[in-house]
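The values are calculated or read from the model by the stated rules, or taken from the named source; none is laboratory data. Given the structure is predicted, the values throughout are model-derived calculations rather than measurements. Every residue, glycine among them, receives a Cβ derived from its backbone with ideal geometry; neighbour counts consider all protein chains shown.
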């Protein structure tokens, strides 16, 4: 049995019209029922307020509000329509440091461009099947940044140092 | 090991799962096949899309030449960065490589220092040539040699 993707609402945010067209075409082929588009971070926020999508696929580098800014706003703005919405970042950034930055902004999943159909499907299925617990601390609100869940973590407490510094 | 700091950890209800139900184990291969077919139909447009990105990069470079300020430098970085991510999708992997080198250069030269414009222009010209000659093969010798040399020059400029 396949997922009933026709019930899903997905927001695609990218300042490149061609990338949006490509991602929208892939999502339509997957059978996603409702797809909304935004060409900027500001427009993304408006679309989030208007349509209450279930998943957001977000470019990082955009003029004005970046994908990271929008993600942080989604997680922490008191006006956010859904602080728990899964954010899949689709970006030209590749480095581990950049993946960490995205994670620290509250991104759930990260896909490095070029666009891969299989990666997109994997990340969609991951946010459905393996949602992360949420964490609230003095300096962070968002998906748990440890993939297997904080309660299983037995290593050194790095977050403690960061928060003490903050 | 007991946690001593105030961390609230909770699992929100899985609304997505409730909406879409359960899928078969593994990836939905039928959906992937449909998407591959749809992407193949679009492939004829990719060269034009790459051309748009090349034009955008050249326009951003021209704007930076006329008004070399923080805004035009940021626009040049965005154009290079977009190309780095998109060109391989559009079947121009060597443009993606050169654009990656260019975005590294623009992104890592401190903002209070001037960009080495000769090296920026060498990247822009190489991208233009790769597009003009439709060098879509990632193992094209000329494109590889140019890319390697540009990457070396960027490493030297960033030292």
Extreme residue, farthest from the other protein chains (Cβ to nearest Cβ), among residues of segment A:98-117 that are over 13 Å from the mean Cα position of the chain (by Cα) and assigned to a loop (DSSP other than H, G, I, E, B)
A:116
So which of A:2, A:38, A:17 ends up being over 16 Å from the mean Cα position of the chain (by Cα) and more than 23 Å from residue B:97 (Cα to Cα)?
A:2
What is the one condition in (1) in a helix (DSSP H, G or I); (2) touching a helix residue (DSSP H, G or I) at 6+ places or on another chain (Cβ under 9 Å) that residue B:89 does not satisfy?
(1)
In segment A:30-55, residues that are assigned to a helix (DSSP H, G or I) and under 19 Å from residue A:108 (Cα atoms) total 4
Conditions (1) at the interface with another protein chain (Cβ under 10 Å from one of its Cβ atoms); (2) under 12 Å from the mean Cα position of the chain (by Cα); (3) within 29 Å of residue B:38 (Cβ to Cβ); number of the one not met by residue A:84:
(3)
Suppose we filter A:138, A:113 for residues that are at pLDDT 65 or above and surrounded by fewer than 18 Cβ atoms within 10 Å (Cβ to Cβ); which single one remains?
A:138
Just give me the residues in segment A:52-69 being surrounded by 15 or more Cβ atoms within 10 Å (Cβ to Cβ) and under 21 Å from residue B:16 (Cα atoms), in sequence order.
A:53, A:54, A:55, A:56, A:57, A:58
Residues of segment A:3-26 that turn out to be touching a helix residue (DSSP H, G or I) at 6+ places or on another chain (Cβ under 8 Å), outside any strand (DSSP E or B) and touching a residue at least 12 places away in the same chain (Cβ under 8 Å), as a count
11
Just to be sure, is residue B:36 touching a strand residue (DSSP E or B) at 6+ places or on another chain (Cβ under 9 Å) and within 9 Å of chain A (Cβ to nearest Cβ)?
no
Unmet requirement for residue B:41, which otherwise passes all of (1) outside any strand (DSSP E or B); (2) within 8 Å of chain A (Cβ to nearest Cβ):
(2)
Given the conditions (1) within 9 Å of chain A (Cβ to nearest Cβ); (2) part of a helix (DSSP H, G or I); (3) surrounded by 14 or more Cβ atoms within 10 Å (Cβ to Cβ), which single one is not true for residue B:23?
(2)
Can you find a residue in segment B:53-61 that is within 30 Å of residue A:31 (Cβ to Cβ) and crowded, with 17+ Cβ neighbours inside 10 Å?
yes
Of all residues in segment A:118-133 being buried (at least 19 other Cβ atoms within 10 Å of the Cβ) and over 16 Å from residue A:5 (Cβ atoms), which is farthest from the other protein chains (Cβ to nearest Cβ)?
A:132
For segment A:85-110, what are the residues that are buried (at least 17 other Cβ atoms within 10 Å of the Cβ) and farther than 17 Å from residue B:81 by Cα?
A:85, A:86, A:87, A:88, A:103, A:105, A:106, A:107, A:108, A:109
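Quick grid of which residues meet (1) farther than 22 Å from residue A:17 by Cα; (2) part of a helix (DSSP H, G or I):
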site	(1), (2)
B:79	no, yes
B:82	no, yes
B:100	no, yes
B:104	yes, yes
B:113	yes, no
